[in-house]
Amino acid sequence: MSLLKHYDAVIIGGGIGGLMCAYRLSEKRPDLKVLILERGKDLENRKCPILTGAVTKCVKCKTCAIMEGMAGAGAFSDGKYNITTEYGGWLPRVMNEKKVMDYILQADAILMEHGAQKEVYEPDNELKTLCLQHDLHMQQGRVKHLGTDANYHTMLRLIDTLKQRVEIETEAIVTDVDKKNLEVIYTKNGSEQRVSGEKVIFAVGRIGNRMFEKWCDDNGIRRHNNQVDIGVRVELPYEVWKHFSSRIYEPKIINRSAHYGDRVRMFCFNERGHVVTENSDGVLTVNGHSYKEEEKKSKNSNFALLCSTNFTEPFDAPVEYARDIAALANKISGGYVLVQRLGDLMLGKRTTEHRLLAGTVRPTLDAVPGDLSLCMPKRQLDGIVETLQRLDSVAPGTANYDTLLYGVECKYYSARPDVTDFELNDAKNIYALGDGAGFTRSLSQAAANGLIVADILLNRAEQ
Ligand SMILES: Cc1cc2nc3c(=O)[nH]c(=O)nc-3n(C[C@H](O)[C@H](O)[C@H](O)COP(=O)(O)OP(=O)(O)OC[C@H]3O[C@@H](n4cnc5c(N)ncnc54)[C@H](O)[C@@H]3O)c2cc1C
């Protein structure tokens, strides 16, 4: 008989997907033994030295407090909760769209029980029309702005509830799962440990994507993906987009680039926010935050502007492609991220410290002034400049000389494994969900995915 500690479900990853899965399992079946293994720290101990003010530049901590730890990548996010199936992931491609929406609302209800706000921004057809008049396509959806600070407290309460119902091991890095006997191998405090589960669920997020992909390859699980989004974080005075943000909070606008026909999208809008760095396994990229508390707000808004690239055969490593571009940006900025004024970029000039100071937009991130054209492919950069100029027609001021572009921002989507009801084909009783498995790319769909997988497990247990 095995001496390993045995669980009904072992969930790898304490992000919103894993947490919601554990929540539903323990809510419906309190008798089940559920374990969450999380490689990062407890939420209270996740302290990014930039956010605490200890340093101004990313010092590449061994575990990135922004990406890893209880509550996952969403812990310090701006907390935009999308109540729509139009964007935020691919769940509607693998299951009924109405069901997905129902689960998004169920997850929202759980978050509200733990203190999340009730107010919702509704879509606005007038603004959509304005965009269409300039050949820009605005995605419509209801959205809640939870706020980085308020979202953090909601997640703390949710984790507190879970701590009474399930076991949670933090700083436990899962290195392997034995497909046959469902043993989960992880390291904690430098020593290797093992547990076993009736069911094992990969909920590893983007940070765990490399490990999951390798595991799939080693275990003969087929995966599919060839898309990657590469671009910049745009920062400008908040007044420029106020007529949009005051009505819908987040403009999500798509432009089809004239020359290449690529999809360039504006999203992840942070009103009066801050640009931040993200450390993905040693490569620094950029992202954005915004707080609800007035004293924490800046004078700028920021948003992602990313160009989607879909590769065709024979190339099948889009994540590596994005990482290489981001790594090049790190290299030419002396190990950090770049910032450039749009006007300088268009004139073929490097932004220098002096030129940055001469600009009217004060950067919220202490990035290295430089030249994005030295590290970003022409195709993506052309698409970004063209889209900024087009966005300027619906929000004049977007393409001002001093608009700041930080690089590189990339969103890579994990390759999606072959599954049946989220159970991996060829790996019985092993499931995958959320961003790390390429099903989602938002808090709401990842949360919904956690609940969906839990319900599938519970239904199967009843049969
Ligand atoms: C800065 C930032 C801002 C964002 N803002 C928004 C927003 O406003 N709205 C929105 O909808 N989305 C936002 N997102 C995206 C959103 O956070 C993700 O879509 C969501 O968190 C995905 O949930 P998940 O549970 O799938 O993965 P994650 O939240 O990434 O959680 C996965 C967890 O698994 C852990 N893990 C990984 N590998 C292992 C391993 N080997 N062993 C043990 N544990 C492991 C990780 O440490 C992590 O905690 C933002 C993301 C970032 C980084």
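For the list (1) closer than 23 Å to Tyr413 by Cα; (2) not assigned by TED's automatic domain parsing to the domain that holds Leu156, I need the number of the one condition that Thr84 fails.
Here Thr84 meets the rest and fails (2).
Looking at (1) over 20 Å from the mean Cα position of the chain (by Cα); (2) buried (at least 21 other Cβ atoms within 10 Å of the Cβ), which is the only condition Gly348 fails?
Looking at each condition in turn, Gly348 falls short on (2).
For the range 294-349, how many residues are closer than 21 Å to Arg263 by Cβ, part of a strand (DSSP E or B) and of a type outside the set (A, V, I, L, M)?
Final tally of qualifying residues: 6.
Determine which single condition Val240 fails, assuming it passes every other condition in (1) in contact with a helix residue (DSSP H, G or I) (Cβ under 8 Å, 6 or more places away or on another chain); (2) surrounded by 19 or more Cβ atoms within 10 Å (Cβ to Cβ); (3) assigned by TED's automatic domain parsing to the domain that holds Leu306; (4) not in a loop (DSSP other than H, G, I, E, B).
Only one criterion is unmet by Val240, namely (1).
Go through the range 416-463 and count every residue that is surrounded by fewer than 24 Cβ atoms within 10 Å (Cβ to Cβ), in contact with a Gly (Cβ under 9 Å, 6 or more places away or on another chain) and acidic (Asp, Glu).
Within the range 416-463, residues that are surrounded by fewer than 24 Cβ atoms within 10 Å (Cβ to Cβ), in contact with a Gly (Cβ under 9 Å, 6 or more places away or on another chain) and acidic (Asp, Glu) number 1.
So, in the range 198-207, of the ones that are within 14 Å of the ligand (Cβ to nearest atom) and of a type outside the set (A, V, I, L, M), which residue ends up nearest to Asp426 (Cα to Cα)?
Phe202
Cβ-Cβ under 9 Å, sequence separation 6+ or interchain: first residue in the range 142-159 and part of a helix (DSSP H, G or I), partner at pLDDT 85 or above and charged (D, E, K, R). Which pairs?
Thr148/Lys296; Asp149/Lys296; Leu156/Glu44; Arg157/Glu113; Leu158/Glu113; Ile159/Asp42
How many residues, within the range 388-417, are of a type outside the set (Lys, Arg) and either within 22 Å of the chain's Cα centre (by Cα) or not in a loop (DSSP other than H, G, I, E, B) (or both)?
15
Among the numbered criteria (1) in contact (Cβ under 8 Å) with a residue 40 or more places away in the chain; (2) surrounded by fewer than 21 Cβ atoms within 10 Å (Cβ to Cβ), which one does His274 miss?
(2)
Restricting to the range 209-236, what's the tally of residues that are under 30 Å from Ser373 (Cα atoms), within 11 Å of the ligand (Cβ to nearest atom) and either in contact with a strand residue (DSSP E or B) (Cβ under 8 Å, 6 or more places away or on another chain) or in a loop (DSSP other than H, G, I, E, B) (or both)?
2
With Leu111, Leu105, Leu130 as the choices, which residue is exposed (fewer than 14 other Cβ atoms within 10 Å of the Cβ) and not in a loop (DSSP other than H, G, I, E, B)?
Among Leu111, Leu105, Leu130, only Leu105 is exposed (fewer than 14 other Cβ atoms within 10 Å of the Cβ) and not in a loop (DSSP other than H, G, I, E, B).
What are the residue pairs meeting all of these: first residue in the range 117-141, first residue on the phi > 0 side of the Ramachandran plot, second residue at pLDDT 95 or above, Cβ atoms under 6 Å, and 6 or more apart or on different chains?
Nothing qualifies.
In the set Val385, Val453, which member is closer than 21 Å to Thr285 by Cα, of a type in the set (A, V, I, L, M, F, W, C) and assigned to a helix (DSSP H, G or I)?
Val385
Can you tell me which residue is nearest to the chain's Cα centre (by Cα) among those in the range 23-80 that are part of a helix (DSSP H, G or I), of a type in the set (A, V, I, L, M, F, W, C) and within 11 Å of the ligand (Cβ to nearest atom)?
Among those that are part of a helix (DSSP H, G or I), of a type in the set (A, V, I, L, M, F, W, C) and within 11 Å of the ligand (Cβ to nearest atom), it is Ala73.
Consider Ile16 against the criteria (1) of a type in the set (Val, Ile, Thr); (2) surrounded by fewer than 22 Cβ atoms within 10 Å (Cβ to Cβ); (3) closer than 14 Å to Met155 by Cα: it satisfies all of them except one. Which criterion is unmet?
(2)
So if I check each of Arg441, Arg350, Arg379, Arg460, which one is farther than 25 Å from Asp217 by Cα and either within 13 Å of the ligand (Cβ to nearest atom) or in contact (Cβ under 8 Å) with a residue 60 or more places away in the chain (or both)?
Exactly one of Arg441, Arg350, Arg379, Arg460 is farther than 25 Å from Asp217 by Cα and either within 13 Å of the ligand (Cβ to nearest atom) or in contact (Cβ under 8 Å) with a residue 60 or more places away in the chain (or both), namely Arg379.
So for the range 393-405 (the condition being within 16 Å of the ligand (Cβ to nearest atom) and either touching a Gly at 6+ places or on another chain (Cβ under 6 Å) or more than 23 Å from Ser196 (Cβ to Cβ) (or both)), does at least one residue qualify?
Looking through the range 393-405, none of the residues is within 16 Å of the ligand (Cβ to nearest atom) and either touching a Gly at 6+ places or on another chain (Cβ under 6 Å) or more than 23 Å from Ser196 (Cβ to Cβ) (or both).
Sort out which residues of the range 151-180 are surrounded by fewer than 17 Cβ atoms within 10 Å (Cβ to Cβ), under 14 Å from His114 (Cα atoms) and either near the ligand (Cβ under 9 Å from one of its atoms) or modelled with pLDDT under 95 (or both), and write them in order of number.
His153
Working carefully through the options Gly15, Gly40, Gly53, find the one that is small (Gly, Ala, Ser) and at positive phi.
Selected residue: Gly53, the only one of Gly15, Gly40, Gly53 that is small (Gly, Ala, Ser) and at positive phi.
Of all residues in the range 418-450, which are assigned to a helix (DSSP H, G or I) and closer than 19 Å to Ser26 by Cα?
Once the filter is applied, which keeps residues that are assigned to a helix (DSSP H, G or I) and closer than 19 Å to Ser26 by Cα, the range 418-450 yields Ala446, Ala447, Ala448, Asn449, Gly450.
When you go through (1) surrounded by 15 or more Cβ atoms within 10 Å (Cβ to Cβ); (2) under 16 Å from Cys410 (Cα atoms) one by one for Lys378, which number turns out not to apply?
Here Lys378 clears every test but (1).
Assess whether Gln106 counts as being over 17 Å from the mean Cα position of the chain (by Cα) and within 14 Å of the ligand (Cβ to nearest atom).
So Gln106 does not fit the description; no.
What's the number of the only condition in (1) outside the structural domain of Glu68 (by TED's automatic domain parsing); (2) out of contact with any helix residue (DSSP H, G or I) (no Cβ under 8 Å at 6 or more places or on another chain); (3) away from the ligand (no atom under 16 Å from the Cβ) that His259 fails to meet?
Condition (2) is where His259 drops out.
The values are calculated or read from the model by the stated rules, or taken from the named source; none is laboratory data. Quick caveat, the model's predicted, so the values are computed rather than measured. Neighbour counts run over all protein chains shown; Cβ positions are idealised from the backbone, glycine included.
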